[in-house]
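A.B. asks: Please see the structure below; I have some questions.
The values are calculated or read from the model by the stated rules, or taken from the named source; none is laboratory data. The structure presented is a predicted model; accordingly, all values stated were derived computationally and were not measured. Positions of Cβ are backbone-derived with ideal geometry, glycine not excepted, and every protein chain shown enters the neighbour counts. The accessibility values were calculated without ligands, DNA or RNA, using every heavy atom of the protein model including side chains. Shrake-Rupley method; radii C 1.70, N 1.55, O 1.52, S 1.80 Å.
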Amino acid sequence: MKNTEQGLSKVQREIHDAEHKFGREPGSVKLLAVSKTREPEQILAAAALGQRDFGENYLQEALDKIQTLKSHELCWHFIGPIQSNKTTSIAQHFDWVHSVERAKIARRLSDARPAELRPLNICIQVNISEESSKSGIKLAELSNLAKSVSDMPGLALRGLMTMPALSDNFDEQRQAFHTLSEAFAELKSNYPDIDTLSMGTTTDMQAAIAEGATIVRIGTAIFGPRTA
Ligand SMILES: *Cc1c(COP(=O)(O)O)cnc(C)c1O
C-alpha cells in the first residue's frame, strides 16, 4: 500500500505548481481526496496532514466511514451516481453532492435536507463528451436543471462537475474542460453566487487546473491504485 502522507504531499505540491504554471491564484484550487474503497486509517492519515474534504461514491461504505470518523469534523462530498432510495441518507450525512443530473433527485435531496443543517451544496454533473456510457446531463439541459436546483430551499447551487472521456492527450483533456469552463462562465452571469468548477482527476488534473478547476477530485495519486 502506498504511503498516504507521501501521496498527499506530492499532490499538494503538484496543485501548487500547476496554479503557478497556469496563472491561477495561489490557493484557488481545492483538493478533494477521493477516499472510495479506502480504509478509515488512510483517511485519518490524510486528515492528520490537514486534508478536510473527502469524496465518496458508494453510500453504505461512506456512511460507515462518516460514522467512524465523526469526531474529526471532516467535510464529506458525494460524487457517485445517485439512486432515488439513497437521497434521504445523502441529504442527512453529506455536505456536498457533485453528481446531480435530474430534477427529481434534486427535489428529493432538498426535501430530505434537515432544517438545522445548512443547504446541501450542489454541483450539476455535465456530460461533456456526450458518450452514452457517462453520467451527466447534456449542456442543452443545463439552464433548466440549474433553475430547478436554485429554486429549492434545501439546496445551494454551487457550480458544475464533469468526468470527461479518458484521454492521455493534454490538449484533448483541456478541450473538454474548456467546454465546461465556458458553460460555467455563462451560468455565472445568471447565478453570480456560483463558485465551483469540480473537474480533474489523477489522470487529467493539470489540464483541469489550466482551465479553471476550483476543486480537483484525486484518489489514486494520493492513496495508490484501487484494488477493490
Ligand atoms: C474515483 C473518482 C475520482 C478519482 O479518480 P482517481 O483517478 O482515483 O484520481 C474522481 N471523480 C469521480 C467522480 C470518481 O468516481
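A.B. asks: Name the residue that is nearest to the ligand (Cβ to nearest atom), counting only residues in segment 59-79 that are within 27 Å of Lys138 (Cα to Cα) and free of Cβ contacts under 8 Å to residues at least 24 places away in the same chain.
C.D. replies: Phe78
A.B. asks: Just checking, how many residues over segment 80-94 are surrounded by fewer than 18 Cβ atoms within 10 Å (Cβ to Cβ) and within 15 Å of the ligand (Cβ to nearest atom)?
C.D. replies: Number satisfying all stated conditions: 1.
A.B. asks: Given the condition open to solvent by less than 10 Å² (accessible area, probe 1.4 Å), under 17 Å from the mean Cα position of the chain (by Cα) and over 25 Å from Leu117 (Cβ atoms), answer yes or no: does some residue in segment 181-193 qualify?
C.D. replies: Within segment 181-193, not a single residue is open to solvent by less than 10 Å² (accessible area, probe 1.4 Å), under 17 Å from the mean Cα position of the chain (by Cα) and over 25 Å from Leu117 (Cβ atoms).
A.B. asks: Mind listing whichever residues of segment 45-56 are out of contact with any strand residue (DSSP E or B) (no Cβ under 8 Å at 6 or more places or on another chain) and part of a loop (DSSP other than H, G, I, E, B)?
C.D. replies: Of everything in segment 45-56, those that are out of contact with any strand residue (DSSP E or B) (no Cβ under 8 Å at 6 or more places or on another chain) and part of a loop (DSSP other than H, G, I, E, B) turn out to be Leu49, Gly50.
A.B. asks: Does segment 196-203 include one or more residues that are more than 13 Å from the ligand (Cβ to nearest atom), open to solvent by 10 Å² or more (accessible area, probe 1.4 Å) and farther than 16 Å from Ser35 by Cα?
C.D. replies: no
A.B. asks: Given the conditions (1) farther than 28 Å from Ala183 by Cβ; (2) open to solvent by 20 Å² or more (accessible area, probe 1.4 Å); (3) out of contact with any Ser or Thr (no Cβ under 7 Å at 6 or more places or on another chain), and given that Leu63 satisfies all but one, which numbered condition is not satisfied?
C.D. replies: (3)
A.B. asks: Among the numbered criteria (1) closer than 15 Å to Ala156 by Cα; (2) in contact with a Leu (Cβ under 8 Å, 6 or more places away or on another chain); (3) surrounded by fewer than 14 Cβ atoms within 10 Å (Cβ to Cβ), which single criterion is violated by His77?
C.D. replies: (3)
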